[in-house]
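In what follows, a single structure is set out as structure tokens and then discussed.
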Amino acid sequence: MIPTEKSYQQAHEVTLMQEQKLRDLLAYLNQHSPFYKELFAKHQINIHEIKTIADLSSVPTTTKDDLQQRNDDFLCVPRSKIIEYTSTSGTLGRPVTIALTESDLDRLAYNEYNSFLCADGSADDTYQLMLTLDRQFMAGIAYYLGIRRIGAGIIRLGPGVPALQWETIRRLKPTAIVAVPSFILKLIQFAKEAGIDINSTSVKKAICIGENIRNNDFSLNILGKKINESWDIKLYSTYASTEMQTAFTECGEGKGGHYQPELVIVELLDENDQHVEPGTPGEVTITTLGVEGMPLLRYKTGDMCMYFDEPCACGRISLRLSSIMGRKKQMIKFKGTTLYPPALFDLLNEREEILDFVIEVYSNDIDMDQVLLYLVPADDSEECDHRIRAYLQARLRVSPHIKYVTIEEIQKIQFSEASRKAIKFIDKRA
């Protein structure tokens, strides 16, 4: 199947295409968006003077706070045109509704069509979807639409229940799974206990969502290594958000998520909203292209990544994004040490003594960050406790508070009634 994405095109062709789409977007926002009409007027922005990507820097950025506080003012169409209501997970505050029109759903399908092609997908594949397909979860419908457009088979099984996942794999023989990496580890553990030879099954690849499987140098992190140590399958990392309605997906080279320049303009910005150099952490800031319902202009996602602009061995020449290094609002200052949750996840995933975990951050009485780890230990012995504490002290140079809990207790913390995925990080800071 011939890829349709623009990431193979030369840079000057991509720039011309994006600048035309940017001019179209500005005119559309100026006519239909209550939020952006007000922003243009307030800052005396003449949209006709913004003709190039570089000119975008004259426009103030939009934040998640704007979306949360003025959600309806981002809507550019009458409600009669809305086909699908989706929402963010609410990781960084209360959920935000993103409304999609028929055109937006077509764009979403195209986005995931390109993404699955990038991850070596074809009409010969069958994908078992181990993720939420309800609860306003955009990713669920996006994957479904993209796989349909490829012409591959779909098994909509949903999350959890390892026994049912394995029975379905045995019966329907999918070639690929779409799942959260930590759940793949639970599948592996169940298979070992049930005597299932996972490497003799039909599954040959996994599209990994929601969690990092790579370090910043593209090597597999602890989570990725643990999967591949037991299961000889190809792993593809993805990065996406509900607001951008676009995904950055790895190709078979495993060197970062590929940019889809026909769908979004991406900027990586420092603390002063200046563009960072390749290989330097910056906040992912996006301008959506071709979105009809709720388009966004210079929207700061809160996600910290690096980008790489040398051509990929797969033939695509557009930039690639690293795994998420952390979320700006989730940065932890603990006893003089700066931490991001993904780094803590890697540390906790590394130890066999820790079966599962949740990280909670709160403020003490002098407004300093405190870290509490809810851990499920491999056993209740003093020796296990000593190994865990010594390891954390050695790796973090500081000692977080630890509360040992049971599997049942951790599942109650991770899965609230409204949650769509396991909660691993709880921020209780003011």
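The values are calculated or read from the model by the stated rules, or taken from the named source; none is laboratory data. The shown structure was predicted, so the numbers you read here are calculated from the model rather than taken from an experiment. Heads up, the Cβs are rebuilt from the backbone with ideal geometry, glycines too, and the neighbour counts pull from every protein chain shown. Just the protein is used for accessible areas: all its heavy atoms, side chains included, with ligands, DNA and RNA removed. Shrake-Rupley method; radii C 1.70, N 1.55, O 1.52, S 1.80 Å.
For the stretch 144-234, with all protein chains present and a 1.4 Å probe, just round the carbon and sulfur fraction of the accessible area to a whole percent.
Answer for the stretch 144-234: carbon and sulfur cover 51 percent of the accessible area.
What number comes out for accessible area per residue over the stretch 142-269 if the probe is 1.4 Å? Units Å², please.
Heavy-atom accessible area per residue stands at 37 Å².
When Lys and Arg each count +1 and Asp and Glu each count -1, what net charge do the other residues less than 13 Å away from Lys81, Cβ to Cβ, add up to?
Counting the neighbours of Lys81, the net charge comes to -3.
On C-alpha positions alone, give me the angle between the axis of helix 11-32 and the longest principal axis of the chain, in degrees, nearest 10.
Helix 11-32 and the main axis of the chain meet at about 80 degrees.
Carbon-plus-sulfur fraction of the accessible area of the stretch 331-410, 1.4 Å probe, in percent?
51 percent
What are the semi-axes of the equivalent ellipsoid of the stretch 321-409, taken as the square roots of 5 times the eigenvalues of the Cα gyration tensor, listed largest first and rounded to whole Å?
22, 16, 13
Filter the GluC sites (Glu not before Pro) in the stretch 199-274 down to the DSSP loop ones having no more than 14 other Cβ atoms within 10 Å, then list what survives.
Glu253, Glu271
Please give the peptides 222-228, 400-406 ranked by average Cβ packing (other Cβ atoms within 10 Å per residue), highest first, as a rough proxy for protection.
Ranking, from highest mean packing down: 222-228, 400-406.
Based on Cβ point charges of +1 for Lys and Arg and -1 for Asp and Glu, what charge dipole magnitude is obtained for the chain about its Cα centre, in debye rounded to the nearest 20?
For the chain, the charge dipole is close to 460 debye.
Across 10 Å bins from 0, what is the distribution of all Cα-Cα pair distances for the stretch 233-386, in whole percents?
Result, from short to long distances: 9, 30, 30, 20, 9, 1 percent.
Looking at this model, which pairs from Lys234/Lys300; Lys42/Lys300; Lys226/Lys421; Lys403/Lys428; Lys42/Lys64 are more than 23 angstrom apart at the alpha-carbon?
Lys234/Lys300
With a Förster radius of 35 Å, plug the Cβ-Cβ distance of Asn216 and Arg79 into 1/(1 + (r/R0)^6) and report the FRET value to the nearest 0.05.
About 0.25, to the nearest 0.05.
Per residue Cα convex hull volume for the chain, in cubic angstrom?
151 Å³
Extent of the stretch 268-344 along each principal axis, from alpha carbon coordinates, in Å, largest to smallest?
Answer, in whole Å and largest first: 44, 36, 23 Å.
What GluC sites (Glu not before Pro) in the stretch 318-394 are in a loop by DSSP, with at most 11 other Cβ atoms within 10 Å of the Cβ?
Glu352
How large is the accessible surface of Cys118 in square angstrom, using a 1.4 angstrom probe and rounding to the nearest 10?
Result for Cys118: roughly 10 Å² accessible.
I need the peptides 289-301, 14-26, 41-53, 320-332 ranked by packing, meaning the mean over residues of other C-beta atoms within 10 angstrom, with the highest value on top.
Sorting 289-301, 14-26, 41-53, 320-332 by mean packing, highest first, produces 289-301, 320-332, 14-26, 41-53.
Fully extended, how many nm does the chain gain between Tyr8 and Arg395 (0.36 nm per residue separation, minus their Cα-Cα distance)?
Extending this stretch completely gives an extra 135.1 nm.
What Kirkwood Rh does the stretch 88-195 have if only Cα atoms enter the pairwise 1/r average? Answer in Å.
The Cα-based Kirkwood calculation yields 15.0 Å.
Tell me the label-point distance for the pair Asp365, Ala313, using the 7 Å Cα-to-Cβ offset, in nm and rounded to one decimal.
My value for the distance between the label points is 5.8 nm.
So if each residue of separation counts as 0.36 nm, and I subtract the Cα-Cα distance between Arg135 and Glu193, what length gain in nm does that give?
Once the chain is fully extended between Arg135 and Glu193, it gains 17.7 nm.
Per residue of the chain, what 222 nm ellipticity follows from adding -39500 (n - 2.57) for every DSSP H run with n ≥ 4, rounded to the nearest 500?
For the chain, the value works out to -9500 deg cm²/dmol.
With the other protein chains left in place, how much accessible area per residue, in square angstrom, belongs to the stretch 10-91 at a 1.4 angstrom probe?
In whole numbers, the stretch 10-91 has 56 Å² accessible per residue.
Hey, got a sec? Which trypsin sites (Lys or Arg not before Pro) in the stretch 104-172 land in a DSSP loop and have at most 16 other Cβ atoms within 10 Å?
In loop regions of the stretch 104-172 (DSSP not H, G, I, E or B), the sparsely surrounded trypsin sites (Lys or Arg not before Pro) are Arg135.
With a sphere of radius 11 Å drawn around the Cβ of Gly293, what net charge do the other residues whose Cβ falls strictly inside it have (Lys, Arg +1; Asp, Glu -1)?
-1
Based on the alpha carbon coordinates of the stretch 1-154, what radius of gyration and maximum Cα-Cα distance (Dmax) apply, in Å?
In order Rg, Dmax, the Cα atoms of the stretch 1-154 give 18.1, 54 Å.
Give the angle, between 0 and 90 degrees and rounded to the nearest 10, that separates the Cα long axis of helix 162-172 from the longest principal axis of the Cα atoms of the chain.
With both axes taken from Cα atoms, the answer is about 70 degrees.
For Ile177, what is the net charge nearby, where nearby means another residue's Cβ is under 15 Å from its Cβ and Lys, Arg count +1, Asp, Glu -1?
Counting the neighbours of Ile177, the net charge comes to +3.
To test your reading of the geometry: what angle, between 0 and 90 degrees and rounded to tens, separates the Cα axis of helix 138-150 from the longest principal axis of the chain?
80 degrees
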